Amino acid sequence: MTTFPTSRAVRTTPEGLLWEPSDRWVRGRKGEVTVVDSRHPVLVWEPEVPVPLYAFPREEVREDLLRPARNPLTGTHTGSRIFYDLDLDGELLENAAWTFAAADLAGHIAFEWFRRAGRGLEHWYEEEEEIFIHPRDPHKRVDALPSSRHVRVEIDGTLVADTRRPVLLFETGLPTRFYVPREDVRLELFVPTDHHTGCPYKGTAEYWSWRGTAGVPRNIVWSYPQPLPAVGAIRDLLAFYNEAVDITVDGESLARPVTPFTRTLSQQPPSS
């Protein structure tokens, strides 16, 4: 009989890394070349970094494609000292991989994900599903639930959305997001932008900016035209950053939360 642990089976290293084994089959590719093919990956959380990454046993990595880094980023990734450039037919990807300083992970190599870091492997797969930006955290949950709550959204005193049929998205570690049908949003008050972001839990989002005169950050509204199946209820609905707009739910005004997006939004130039 197999006994499963009843608590989170995460280990901690003296350097402050958290890690745990994963049962997922993970592959990483650059172009048509499979650089990682692992059935024994390890999830690693670095201090102060909210999302995990993978590290892989050396025997499941194409080490023949790795070269000692010419310009190693020594000290990054929680004090790592050994970095590798990836050599694919003469094309050198600098600092695409590294080993952690932690003794627990000495036999493992980690890789950058191109869509997150701007360098590293371009395509990642868990089983047969392509995963974007970073691995999914097994301790994080994302639920999209249709609701009949009365949601109103205002920007600088102007009512921009009013609905009684929102979809509420609950994501571990983030405030509730209120997704509103387009028919219930005054979309003429916004202008579409060329900004896009990717999320391993929801898909690829498109954005709009405020047309008004208030000092509102750009890309304040977003939508997922083709969300991942697990959150299909938010397809084509519109959401607003709680951090920068005023939201009222069933007559109760919500406080603007402070999240990792608060600083990002404050650093953006206003939309007008």
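The values are calculated or read from the model by the stated rules, or taken from the named source; none is laboratory data. Because the structure is predicted, anything quoted here is derived from the model rather than measured. Don't worry about glycine lacking a Cβ; one is built from the backbone with ideal geometry, like all the others, and counts go over all protein chains shown. For the accessible areas, the whole protein counts, side chains as well, though only heavy atoms, and no ligand, DNA or RNA atoms are used. Shrake-Rupley method; radii C 1.70, N 1.55, O 1.52, S 1.80 Å.
Per-residue packing, averaged as other Cβ atoms within 10 Å, sorts the ranges 68-76, 157-165, 218-226 into the order 218-226, 157-165, 68-76, beginning with the highest. Around the Cα centre of the chain, unit charges on the Cβ atoms of Lys, Arg, Asp and Glu (plus for the first two, minus for the last two) sum to a dipole of about 540 debye.
For a modelled paramagnetic label at T204, 7 Å from Cα along Cα-to-Cβ, the residues of region 135-158 in reach, with backbone nitrogen under 20 Å, are 135-136. Between W124, W210, W25, the residue with the greatest mean-square fluctuation in the GNM of the chain (Cα pairs under 10 Å linked by springs) is W25.
Taking L53, L254, L86 as the candidate residues, the one with maximal mean-square fluctuation in a Gaussian network model of the chain, Cα springs under 10 Å, is L254.
With K and R counted +1 and D and E -1, the other residues having a Cβ less than 11 Å from that of G31 yield a net charge of -2.
Is region 116-214 rounded, prolate or oblate when judged by the Cα gyration tensor, a ≥ b ≥ c being the square roots of its eigenvalues, rounded requiring a/c under 1.5 and prolate requiring a/b larger than b/c? Verdict is oblate for region 116-214.
Each of R58 and S147 was given a label point 7 Å from its Cα along the Cα-to-Cβ line. The distance between the two points is 5.1 nm. Summing charges over neighbours of V167, with a neighbour being any other residue whose Cβ is under 13 Å away from its Cβ, gives +3 when K and R count +1 and D and E count -1. The string of couplings for region 113-125 from the Karplus curve (6.51, -1.76, 1.60, θ = phi - 60°) is 9, 4, 6, 9, 9, x, 8, x, 6, 7, 10, 10, 9 Hz, one whole number per residue in order, with x for Gly and Pro. Between region 214-232 and region 106-139, what is the C-alpha centre distance in whole Å? Answer, in whole Å: 23.
Beta-bridge orientation, region 75-232: approximately 95 percent antiparallel, per DSSP, counting only bridges with both partners inside. The residues of region 23-82 have, on average, 55 Å² of accessible surface per residue, using a 1.4 Å probe with all protein chains present. One decimal place: the segment D236-E48 gains 64.4 nm when fully extended, by the rule 0.36 nm per residue minus the C-alpha distance. Highest mobility in the GNM of the chain, judged by mean-square fluctuation with C-alpha springs under 10 Å and restricted to E243, E183, E60, is found for E183. Anisotropy class assigned to region 1-87 is oblate, per the alpha carbon gyration tensor with a/c at or over the 1.5 cut-off and a/b no larger than b/c.
The relative contact order of the chain comes to 12 percent, based on Cα pairs under 8 Å that sit 6 or more residues apart.
Each label was represented as a point 7 Å from its Cα along the Cα-to-Cβ direction; for E32 and E122 these points are 1.2 nm apart.
Pairs of alpha carbons in the chain separated by more than 23 Å make up 60% of all such pairs. The helix-based estimate of mean residue ellipticity at 222 nm for the chain, built from -39,500 (n - 2.57) per DSSP H run of four or more residues and divided by its residue count, is -1000 deg cm²/dmol to the nearest 500.
Considering only beta bridges that DSSP places wholly inside region 145-272, some 95 percent are antiparallel.
Taking the charge dipole of the chain about its Cα centre, with +1 at Lys and Arg Cβ atoms and -1 at Asp and Glu Cβ atoms, the residue from A239, H139, T163 reaching farthest to the positive side is T163.
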